[in-house]
Amino acid sequence: MPTPTSIILHQKSKMLELAFDDDTHFQLPFEFLRVMSPSTEVRGHGPGQEVLQSGKRDVILKEIEPVGSYALKLIFDDGHDSGLYTWEYLHELGENQHALWIDYLRQLEAARLSREPGDAPYVPPPPVTGKC
């Protein structure tokens, strides 16, 4: 499994830059990292239990903490700080970033949610009864 040779936090552009020893290089936006968190809060405890994250466009990655020699703990300004981003998972996010992002945007659209902060879950209007 590739391991990082460089990890750079870019606050201005809101990117985490990673270079791996297999000569791959990725720039992962903070929002992308947050909505793809490996935590059970986001991924659930199994297939079908995922929780779609919305309203994270402006999220800030405040801090990075190394976890042993295999992962990072990412601390976001919305209070999210659970889930370990292993080297394998970060590499996978980089390799599949485009497809994962497109799928995420489609899920938001289907759920009638947005990336904008303060987004509330979509609540359908009450059914029309036929009486005016």
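Multiplying the residue separation of L100 and R57 by 0.36 nm and subtracting their alpha-carbon distance yields 13.9 nm.
GNM remark for the chain: springs join alpha carbons under 10 Å apart, and the peak mean-square fluctuation among P38, P29, P117 falls on P117. Maximal additional length on extending the Q11-S82 stretch stands at 23.5 nm, based on 0.36 nm per residue less the C-alpha distance. For region 4-110, the square roots of the Cα gyration tensor eigenvalues, ordered a ≥ b ≥ c, give a/c below 1.5, which places it in the rounded category. With both labels modelled 7 Å from their Cα along Cα-to-Cβ, the Q107 to R43 distance reads 1.2 nm. Helix 97-110 and the long axis of the chain differ in direction by around 10°, with both axes built from C-alpha atoms.
The string of couplings for region 11-20 from the Karplus curve (6.51, -1.76, 1.60, θ = phi - 60°) is 5, 4, 8, 6, 10, 10, 9, 10, 10, 10 Hz, one whole number per residue in order, with x for Gly and Pro. Which one of N96, I7, H80 has its Cα pushed farthest toward the positive end of the charge dipole of region 4-110, where Lys and Arg give +1 and Asp and Glu give -1 at the Cβ? Projecting each Cα onto the dipole axis, the largest value belongs to H80.
Every number in this text was worked out from the coordinates using simple rules, so none of it is lab data. Predicted model, so just to flag it, every value in this text is computed and none were measured. Cβ: placed from backbone, ideal geometry, glycine included. Neighbour counts: every protein chain shown.
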